[in-house]
Every structure is written in structure tokens, then in C-alpha cells.
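Inspection log for the structure reproduced underneath, given as C-alpha cells.
The values are calculated or read from the model by the stated rules, or taken from the named source; none is laboratory data. Quick caveat, the model's predicted, so the values are computed rather than measured. No Cβ is skipped: glycine too gets one built from the backbone with ideal geometry, and neighbour counts run over all protein chains shown.
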């Protein structure tokens, strides 16, 4: 299945963003000098979406005036306008907006809210959708950082069994972030009366076991209120980021089943200091992502490792090179942690702390586990080899 159409729900009033939304609709709020909606359009284009349908309402003419037919943004844009208020004075909701746009929609399309940004990997969503036969796929943030309240439960088979729009239930899997794959036929569930898509359609599909749930650990960002706008600005600020494995990339790798236990055993690989210095000179921030199971096996302590890293940082500083942060996993193979590579936990920790879009970063490692961790979160991953060390790789792009 191929999806080339994106549908953006953009008809709401956005009261929490007043006074801005007294004159402009919510998705037009500027983030780092650009309307937030422009970031979403770019995201869709980068994922192969060629046509975008924007479902407008409140001050929708402002959106249409800015984006036009989409040619300046590399896509085709069409609009479906539904008045913000109905004849009864009530706000027209997502259900009626979708029903009004039905003739414009492909058989399968990607639908998203106008106020959430998430590092979309459409191919991965489609593969999951194909592997979990359903009429709608909903994307669910696992909410590992407890940044909001959960409203969805996804069972072990990958299907949604609860959708709690009021967020009252406990023991839920995460939160709906507004990225859906939709089979157009489900719009037949929508009543002619004013309705909310999630309440009517999703609850209906849950009963039929036709709502699949893709759980992601990658954080989403929102413009739903002024505080979240500031956080989203940090995330969407362009950054040059490189992740490096340590042993075998920066320093000589110890023999199998052994570990670098003291500073005396730490030996920089040829060219690694120069590579980090070159990255810094080109504006990159460098983060270390390293498995250190020697701690779990009691070959060294966390204090021992901290001393090694402090000495490493001092030595790099002497050579005008720097590391922005270090992440290491102290656990063993059987500890069941989420941070030991090939799991991407350390990359996710760095992403949340430093507002990094992992899909726009590079991870350089020396082991297949590094590649698996990077691939899991969309990092471009390169492995060093006997033929190509860290410096040679860095020189190829920096």
C-alpha cells in the first residue's frame, strides 16, 4: 500500500493561544520565524506525501492565503472549508469536517492534528498497518517521561482496546498524538449530525477490533498552549548532532569479555581526537552512547567509569575538542533494561533532554547493535571498520 495524501485537521479556535488566535488560526503561530503548519507540511513532503488536504474553519482564509496551492512548498494543497460555528451556534467538530471533505479523500490517507509535531516515519507506520489488519491505525506516544495524561490502551497484539478522551482511566499505554492512517470507508460511521471523529469512529472500531495502535517512544511536541510552544521551538531549532559509540570508535576496544576499567587502560584510537575536534569546528555537538556492562559484572564501578570519562574530557579539551554529554548503560544482558543497545533508550534519553530530532542526526558506531539502535529511532547510522576509521568518516561529510 502506498499513501501519498495527507489530511490536516485545522479548523479549531485555539482559545489557549489567545491573544494570537484572535487574529490568526492556531497552526499559523510562528515557531522560530515560520508558521507551525509549515513544519508539518515539510514533514509530510519529506515522507513522500504529494497532496495535502487542509480542513479549515476558524480564520481558515489566513491559512489559504499563506500556503496557496502549495507549489512554493513542494506539494499540492487543497482546502475543505467548514464554518467554525454551525447553524445552532455550536462549534463544528472534526467529524463534520471530514464528512464534508469526503469527495477529496483517497481510499487511504494519513491524517494528523494541526498542533502536534512528531518525527514521522511513514514507511514504518505503513508496515505496521499492513502487519496489523485494521481500518485505522492510531499513533500512541508511550509517555515515558509522564509529560501528559494517557488516553489509549494498546494490547499485546497491537490493537487498541480503550480510548479515553476524558483521560480518567488508569493503566493506559500512552497518549494519542494525532497521526493516523485512515481507510476512507470508515467515514461512513460518521453521523450527519455534528460529531467528534475520535469519539464516534474510534470507539466503533474498538468494538470491531479494527483499530491498531502503533506505540512510539519518540516524544511529540505541541503548540496547544504558550508553554508548549516554547518547548516546541527548542525541538524545532536546527541542530547539528553526532552520536558516537565509545569503545572501538573513540578508544581502542578491549578484548572480548574485558572492559576499560581504569584511565591507564584507555587508549585513543588514531585520528579520533582530530575527528571530534573537526566535528566541533563544523558546529556539531557530540554525544557519547555506550554500553558499559562491566559495571553490572562488577569489573568496575560507576565511580571508576566517571573518572575515566572526566580524564577523557580533559584530554579532549587540551586538543580543542569537546563532548556535550555522555550516556552509558551499566546493565547486563539479562537485566531487561531499555537502555542497553541494541535498544535505543540512551538515544531517546538524549533526545528528550536536549530537544533533539533523532531523524536528523548521525550515529557512528562499530557494532551491529549500534546500527539496530540507530535504525529503531531513525538515526542515519554508519559503522567504522578497518578500512574506514572515525576520522575518515567525519572527513567525508564535515
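The figures follow:
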read-out	value
Complete set of residues in region 273-295 that are under 10 Å from residue 250 (Cβ atoms) and either more than 30 Å from the chain's Cα centre (by Cα) or modelled with pLDDT under 95 (or both)	273
Residue match in region 345-357 (condition: exposed (fewer than 14 other Cβ atoms within 10 Å of the Cβ) and either assigned by TED's automatic domain parsing to the domain that holds residue 280 or out of contact with any strand residue (DSSP E or B) (no Cβ under 6 Å at 6 or more places or on another chain) (or both))	yes
All positions within region 165-180 that are under 17 Å from residue 124 (Cβ atoms) and either part of a loop (DSSP other than H, G, I, E, B) or more than 14 Å from the chain's Cα centre (by Cα) (or both)	174, 180
So residue 126, is it within 24 Å of residue 218 (Cα to Cα), in contact with a strand residue (DSSP E or B) (Cβ under 6 Å, 6 or more places away or on another chain) and touching a residue at least 60 places away in the same chain (Cβ under 8 Å)	no
Unmet requirement for residue 386, which otherwise passes all of (1) closer than 28 Å to residue 307 by Cα; (2) free of Cβ contacts under 8 Å to residues at least 24 places away in the same chain	(1)
Qualifying helices (runs of 4 or more DSSP H) (wholly inside region 39-134; at least 3 residues being under 21 Å from the mean Cα position of the chain (by Cα))	122-131
Residue 16 vs. criteria under 16 Å from residue 115 (Cα atoms) and not in a strand (DSSP E or B)	yes
